[in-house]
1. What Rg and what Dmax come out for segment 4-137 when only alpha-carbon atoms are used, in angstroms?
2. Projected area of segment 89-202, taken from the Cα convex hull and averaged over every viewing direction, in nm²?
3. I need the chymotrypsin sites (Phe, Trp or Tyr not before Pro) found in segment 1-75, filtered to DSSP loop residues with at most 12 other beta carbons within 10 Å of theirs.
4. Could you tell me the calculated FRET efficiency between T354 and I379, based on Cβ-Cβ distance and R0 = 22 angstrom, to the nearest 0.05?
5. Computed FRET efficiency, Cβ-Cβ of E513 and V595, R0 30 Å: what is it to the nearest 0.05?
6. How big is the C-alpha Rg of segment 524-617 next to the rule-of-thumb value 2.2 N^0.38 Å, as a ratio?
7. Roughly speaking, what is the stretch gain from L406 to E213, that is 0.36 nm per residue apart minus the C-alpha to C-alpha distance, in nm to one decimal?
8. Per residue, how big is the convex hull of segment 142-239 when only Cα atoms are used? Give it in Å³.
Amino acid sequence: MSVGTILAVDDEPDILIALEDLFEDEYRVLTTTKPAEALKILADTPEIAVILSDQRMPGLTGDAMLAEARKFHDAQAILLTGYADMSAVIAALNQGGITGYATKPWDANLLRNTVRQAFERHRLGRDLATERALLRGLLDNAEDAISFKDAAGRFVRLNAHKAASLGRSVADCLGHTEGKISGDGTSTIVDAEAVAVGDVAETLVADGTAGAERWRHVTRVPIRDASGSVTHLATIERDVTEQKSLEARLRQSDKMQALGTLAGGIAHDFNNLLTAILGSLELAGPKIADQPRVQRLVGNAIQAAQRGATLTRRLLSFSHARDLRPRSVDVNGLIEGMHDLLGGSLGGLVTVETRLALEGPAASVDPDQLELAILNLCINARDAMPEGGRIVVSTRALTIADDPDLEPGPYLSVEVADTGSGIAPEILARVCEPFFTTKSVGQGTGLGLAMVFGLAQQSAGRLHIESALGTGTRVELVLPRAEAAIPAEVTEPVSAALPARPARILVVDDDPEVRHVTASFLASFGYEESEAGDGSTALALLERSAYDLVVADLAMPGMTGVELAQIMRERWAKIPVLIVTGHAEAIPIPSDLPVLRKPFESVDLAAEVSRLLDRAA
């Protein structure tokens, strides 16, 4: 422990020697006979705790010297006087800020106690100043909102962050409860509960409108006095909005990954069902050629199953990430082709109106993703009009020359406008964030506009949203214009009456209905077909008999279609393998393996089989 330092000032050297003898056992004693030199020693020695000064000195009296010292030093001051001059003591108290005085000749014990008390006051003052400095530094520099309240909840100290959160200055908050300042008494009630309970309490508080909340983690720490009673309450409030957002995104990402896997599995099962349904209906067609009423019913069933196949493809596009395949697309034709899809997806409370550019320019975009983007925008518009309304889907050609985000040139605008409730400014700034949604749990994923924004960015276009509360919303997707739309490839009809050459074909599928339909198609073409329910059975049949082609399902228990094809390449390299699948993304497929997607029509199967047999020959 370091020894304290005191300074003795007296114009008589004998007095200084006496003081040094009196205190040298407890303190380091500095001495001087000159008041001016004493001030210099004080300036050079900040650790001095106590000043003992004579009053009557030539040049500068003790009270005047102590008054000067008081301006730059915090040492405790004791005045020594050789006569009972109360006016000098009063002057020293007023000007020099002395904490005590002693008369000459002094009582040694009394003077020692006076110096000890002064030294202790100085130590406590230094400790208090240090704590104040630390507290001030903490309050002024902490990113958290920090405050101290008395037991009644009134502010006694707080930092600028806390005051700013209440919309006031620090001075305006002192002496008032938080409930009185904010108008919301909840915090005052919670503060009172924390004082009553007497334990550290942590709460999570959300402020703001739904979808644009600011989250605060509030810690309340009761402060007790020596008797154990809670006299004050410290509160530390940390903004955890970003942390909550990241946690929500992580949970949403995990959920979307699980949903994607589930969607892929459901799509695979549905495609198997649709393959069996469509195939069976197609095989039944020739048997009812003379029954027009039954043919109409079968036709209706085929159309419904084909719509189911379309929805399943969209489900698959949700379940996995895919690279865009942009090409020249007739956007007007694409929108017109969505009539039934929009009608079935949006319900009867909204009407959809199209205003398409007369010139019908093409755009460079992935048609599947553009269709999904328009569907998402229309669904968002419908959700903004729970009582019903009008959605307008329009296109127009435009030329952009001075947009910093786009290359100059011709573009096509696809716009979806609604007459709904509109979007608040604070929400409008975040609507394109992935997983951000204001919809209730289970009603939205927060991926719709994020997907549209991503499509615009990857297509070298832009997304622009205009909205205000009560005035509806207008979403514009700008895409680069293309020269002319590339017509969809038209598959030439393939005659399925007779095969070009006789062939033995092995059908491998774990689904008996799909396997039966596929084998029936091949038999109707005139091929000789055999069936196997799994890869092991197929290998056993290949060991015993010769086949010209194997048609294998991709996802099968025990052995996948790809694994079967790899074994066949090693043992029967000349036999081609056609993979059929309802979920091509479930298992990686080598690029040199031909693939036919379920559900397929007989002409698609006939074309692939004929092509592979021709190539093998």
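Only the coordinates and a few stated rules stand behind these numbers; no lab work does. Given the structure is predicted, the values throughout are model-derived calculations rather than measurements. Reconstructed Cβ throughout: ideal geometry from the backbone, glycine too, with neighbour counts over all protein chains shown.
1. For segment 4-137, the Cα-based Rg and Dmax read 14.3, 47 Å.
2. On the way: hull surface 44.8 nm².
In nm², the orientation-averaged hull projection of segment 89-202 is 11.2.
3. Taking segment 1-75 and a limit of 12 other Cβ atoms within 10 Å, the loop chymotrypsin sites (Phe, Trp or Tyr not before Pro) found are F72.
4. The value I calculate is 0.85.
5. Values: r = 21 Å, r/R0 = 0.69.
Result of the calculation: an efficiency of 0.90.
6. Rounded to two decimals, the normalised Rg is 1.02.
7. That pair, L406 and E213, stretches by 66.1 nm at full extension.
8. Numbers: hull volume 9.4 nm³, N = 98.
Hull volume over Cα atoms, normalised by residue count, gives 96 Å³.
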